[in-house]
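Q: Handing you a structure now.
Read-outs throughout are calculated quantities, based only on the coordinates presented, and are distinct from any laboratory measurement. These figures come from a predicted structure and were not determined experimentally. Heads up, the Cβs are rebuilt from the backbone with ideal geometry, glycines too, and the neighbour counts pull from every protein chain shown.
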Amino acid sequence: MNDLEEPRVKSILMLPNDLVLNCLARVSRFEYPSLSLVSKRFHSLIASTELYQTRTLLGRTESCIYVMRVARVLPSACTLDGKIYITGGCENIDSNNWMEVFDTKSKTWEFLQIPSEEICKGSKYRSISYQGTLYVRSEEKKVTYKVHKGKWREADICMNKRWGCSGSSYCVIEDVFYCYCDRKICWYDLKERIWKPLKCCLEGLPRLACDINRFCLLADHGGRLAILWQEYVCETKIIWCAEIALERRQNLEIWGKIEWHGNVLSIPTRLGGVHALTSTVW
């Protein structure tokens, strides 16, 4: 090459898709709206599921805060397949505000069709993603619906009954539905369609087993069951936490072993309620 000849400038657009995806995955998601305007190819790659799979493999996931379009008070929310489902929390619920869905990939909102007009007669709901689909329970109507092949249908009566216990808490761990109610932790056997007790002694947990009305929260903590509850001492609210390892045995039972428990927080009783959230840190 002649010394006076200018070197060729190589563009990222000359690279194959797998390399471009690898590059885009290392860029913050907040830059994607601008990058999608570079070319049709960028727009297509940024909207693809392959990009988000690559981000996961590279450990480049990010936490985001999303704001709802409809004003709500204490709605129920859950995530499924990259979408956030937000239900209830409005007065005069109808098909325009019953449930809104945010697609975290396309950054778009949409409303989900109501299963029946009857379920709209109320504002309090519970929702959870389980068995690859969405379950929603109306607290006022005491009925649970699930999405089946793109359409709503009523869920099993047995699931609905315990899930609706007053003061109950619930979570899904490795596709198993757990629920705390009446001083017991149970799991739902989908094949037999019954709730079965988790084989775990709670007597060693301070103040939890002795009070049937004690409020608690369940959460998935890296495949283990985290249970949080609160105790009131004078003007102080004490938050307790226990971590339970789970083991499925051949006799179709699930056993739990308390690996740790302790006092994790003390706050004045005048402060608000307690919420349990889990997050993966990259």
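Q: Hey, which of these cross-link pairs are over 31 Å Cα-Cα: LYS40/LYS83; LYS107/LYS184; LYS107/LYS257; LYS141/LYS196; LYS191/LYS237? Spell out each step's value before the answer.
A: Details: LYS40/LYS83 24 Å; LYS107/LYS184 40 Å; LYS107/LYS257 41 Å; LYS141/LYS196 25 Å; LYS191/LYS237 41 Å.
In this structure, LYS107/LYS184; LYS107/LYS257; LYS191/LYS237 exceed 31 Å between Cα atoms.
Q: Same structure again: First select every other residue whose beta carbon is under 14 angstrom from the beta carbon of ARG60; then total the charges, Lys and Arg +1, Asp and Glu -1.
A: 0
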